[in-house]
1. Among the chymotrypsin sites (Phe, Trp or Tyr not before Pro) in the stretch 143-228, which ones are in a DSSP loop with at most 14 other Cβ atoms within 10 Å of the Cβ? Mind listing them?
2. Enter the Cα centre distance for the pair the stretch 61-94 and the stretch 120-176, rounded to the nearest angstrom.
3. By accessible area of protein heavy atoms, probe 1.4 Å, what ranking do ARG279, ARG255 get, highest first?
4. One-quarter of the Cα convex hull surface for the stretch 27-125, in nm²?
5. For the stretch 163-293, how big is Rg over Rh, using alpha carbon atoms and the Kirkwood form of Rh?
6. Would you mind getting the accessible area per residue of the chain, heavy atoms of the protein chains only, 1.4 Å probe, in Å²?
7. When the label point is put 7 Å from the Cα of ASP306 along its Cα-to-beta-carbon vector, which residues of the stretch 57-71 have a backbone N closer than 13 Å?
8. Which lysines does LYS320 reach when only Cα atoms under 29 Å apart count, and residues fewer than 8 places away in its own chain are ignored?
Amino acid sequence: MRLIATEEAFAPRDYIDEFLKLTRTIDTPVTRYLGIYYKKAEAVRQLVDLDHRLVEMDAHGVDMHLLSITAPGVQAFDAGLGTDLAALANETLSAAVAARPTRFAGLGAVAPQDPQRAAREVTRCMTGLGMKGIIINSHTQGEYLDDPKFWPILEALVAADAPLYLHPNFPPDSMIGAYSDYGMMGALWGFGAETSLHVMRLIMGGVFDAFPTLKLVLGHLGEALPFWLGRLDNRYQNILRRGGLEPLGMKKLQRLPSDYFRENVWITTSGMMSNEPLRFCLDMMGADRVMFAVDYPYEQTAEAVDFIRKAPLDEETMRKVAHANAEQLFRIVPSA
Ligand code: MN
């Protein structure tokens with residue numbers, strides 16, 4: 001069974017170096033945490049050395065990594081440096097994919113801090129660099145993609161038919177205290193809370209009415225949102241019936257909240273390795289919308305592969321989740 005893993009982190013060495021520089025001038029829970037993490041040689045090697053991971057992929061039968069820059073990526077920097085690092089990361093990634101086209105594919109990085117240049121980078125990634133889509137690590141310094149200033153990026157994504165992987169980020173500085181008091185700002189809770197908030201802003205902010213063909217990809221089995229679909233519709237319709245949208249600052253949407261989630265969103269299994277939520281998400285989203293991911297190097301390849309290979313799925317659903325959905329969405333050449 002061909003396995004394509006769709007949320008696999010990498011970083012160019014220059015990115016790590018610039019981030020370590022940042023940690024010496026900016027003191028936040030995030031820079032403190034990553035400042036320690038990026039001083040571990042093996043952690044950096046896992047992100048930087050693209051051949052190193054092939055050993056682990058081969059040992060566990062992972063055929064391909066869809067690579068993307070690790071969070072918070074280029075969004076941590078000022079606009080100029082972020083934009084330059086995005087271009088560098090994309091060129092590094094493009095070369096790695098060209099060297100091993102059957103093992104690696106890539107999602108391009110952009111720095112939304114400069115929306116116009118980010119939009120041009122989307123186009124360059126999709127036309128010149130052979131990327132399969134774009135990754136944005138949730139909020140950019142506390143700002144979200146529903147803000148019209150970012151819409152040139154969304155226009156470029158739609159024009160290129162490029163899926164946007166909305167990957168988690170730590171909560172922004174304005175909210176992080178409530179999470180970081182007990183170390184919950186990362187994958188334990190903060191990532192999912194932050195990213196699901198971002199998706200809700202896109203849905204409720206009418207972004208998918210403005211861009212009906214925008215394709216969004218979420219990790220971690222949809223950042224808990226599949227569990228909320230019924231309640232979202234119920235509350236939206238309830239408020240709509242009472243004429244209460246306007247007083248609450250809500251928008252009248254063209255579709256129900258769950259419609260956008262089912263029609264514009266794909267989800268991956270990154271970091272989620274139990275059968276019950278997988279089964280639930282397949283029931284809620286359909287077999288065409290769920291894709292395998294490991295979340296290398298932050299999750300164990302052995303565990304993720306063991307989970308998916310033993311998952312109680314029928315043959316056709318397994319084929320779709322393991323590789324066929326990724327091949328279709330990201331236009332990855334099917335194996336011979
Ligand atoms: Mn990840």
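1. TYR182, TRP189
2. When both Cα centres are located, 12 Å separates them.
3. Correct descending sequence by accessible area is ARG279, ARG255.
4. Convex hull of Cα atoms, orientation-averaged projection: 7.0 nm².
5. Expressed as Rg/Rh, it is 0.98.
6. That works out to 43 Å² for each residue.
7. Correct set: 60.
8. LYS132, LYS215, LYS310
The values are calculated or read from the model by the stated rules, or taken from the named source; none is laboratory data. As the structure is a prediction and not an experimental result, all values here were calculated from the model. Positions of Cβ are generated from backbone atoms using ideal geometry, with glycine treated the same way; all protein chains shown enter the neighbour counts. Side chains are part of the model used for accessible areas, which takes the heavy atoms of the whole protein and leaves out ligands, DNA and RNA. Shrake-Rupley method; radii C 1.70, N 1.55, O 1.52, S 1.80 Å.
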